[in-house]
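Colleague: Structure provided below as structure tokens; questions to follow.
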Amino acid sequence: MQQLIEILRRERCSLVVKNHGIVTTYSKPGVRDLEHLLDHAPEMLHGATIADKVIGKAAAAMVVVGGVKELYAEVMSTKAVSYTHLRAHETGR
């Protein structure tokens, strides 16, 4: 997870996904990248570890539906926290 967090911050992307040993970065605003992955490459999310800048309720729902195993978010809404049953990592800020 630490590797993904470092990439998220260093690359200034909005989403980093690691699955099957492959790390991929995304930079579209909002939930567009998560939505695209769910629609066109759901296998990239199933069992994945992801790091995201912001997770709101809609993104949390996509993460859960996509079968993400582990999630880190720089910012997560209260509704997103209560919606997910994933292991959340705190930033320490």
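Colleague: Separation between the Q3 and Y26 pseudo-spin-labels, each 7 Å from Cα along Cα→Cβ, expressed in nm?
Modeller: Simple spin-label model gives 2.0 nm for this pair.
Colleague: Continuing with the same structure: Find, to one decimal place in angstroms, the Kirkwood hydrodynamic radius of the chain, where the mean of 1/r is taken over every pair of different Cα atoms and then inverted. Intermediate results must be reported in sequence, preceding the final value.
Modeller: Values: mean 1/r = 0.0783 Å⁻¹.
This gives a value of 12.8 Å.
Colleague: Between K69 and E11, with labels modelled 7 Å along Cα→Cβ, what's the label distance in nm to one decimal, could you check?
Modeller: About 1.9 nm separates the two model spin labels.
Colleague: Using a 10 Å cut-off on Cβ atoms, rank the peptides 43-56, 23-36 from the highest mean neighbour count down. Present the calculation step by step, with values, prior to reporting the outcome.
Modeller: Numbers: 43-56: 20.0, 23-36: 15.6.
Highest mean packing first, the order is 43-56, 23-36.
Colleague: Each residue of segment 63-69 in turn: what ³J(HN,Hα) in whole Hz from Karplus with 6.51, -1.76, 1.60 and θ = phi - 60°, glycine and Pro shown as x?
Modeller: Coupling constants for segment 63-69: 5, 5, 4, x, x, 4, 7 Hz.
Colleague: Below 17 Å Cα-Cα, how many Lys pairs turn up in the chain? Only count pairs eight or more apart in sequence, or on different chains, if you could.
Modeller: On the way: K18/K53; K18/K69; K28/K53; K53/K79; K57/K79.
Taking the Cα cut-off of 17 Å, the pair count is 5.
Colleague: Could you run the Karplus curve 6.51 cos²θ - 1.76 cosθ + 1.60 with θ = phi - 60° over segment 21-38 and give me ³J(HN,Hα) per residue in whole Hz, x for Gly and Pro?
Modeller: x, 9, 9, 10, 10, 9, 9, 6, x, x, 9, 4, 5, 4, 4, 4, 4, 4
Colleague: Also, quick follow-up: Quick one: which residues, 5 or more positions from M76 or on another chain, have an amide H under 5 Å from its amide H? H modelled 1.01 Å from N in the peptide plane, none for Pro or chain starts.
Modeller: The answer is I55.
Throughout, read-outs are computed from the coordinates displayed, never taken from laboratory work. None of these values were measured; they are calculated from a predicted model. Because the Cβ atoms are built from the backbone with ideal geometry, glycine has one as well, and the counts that use them run over all protein chains shown.
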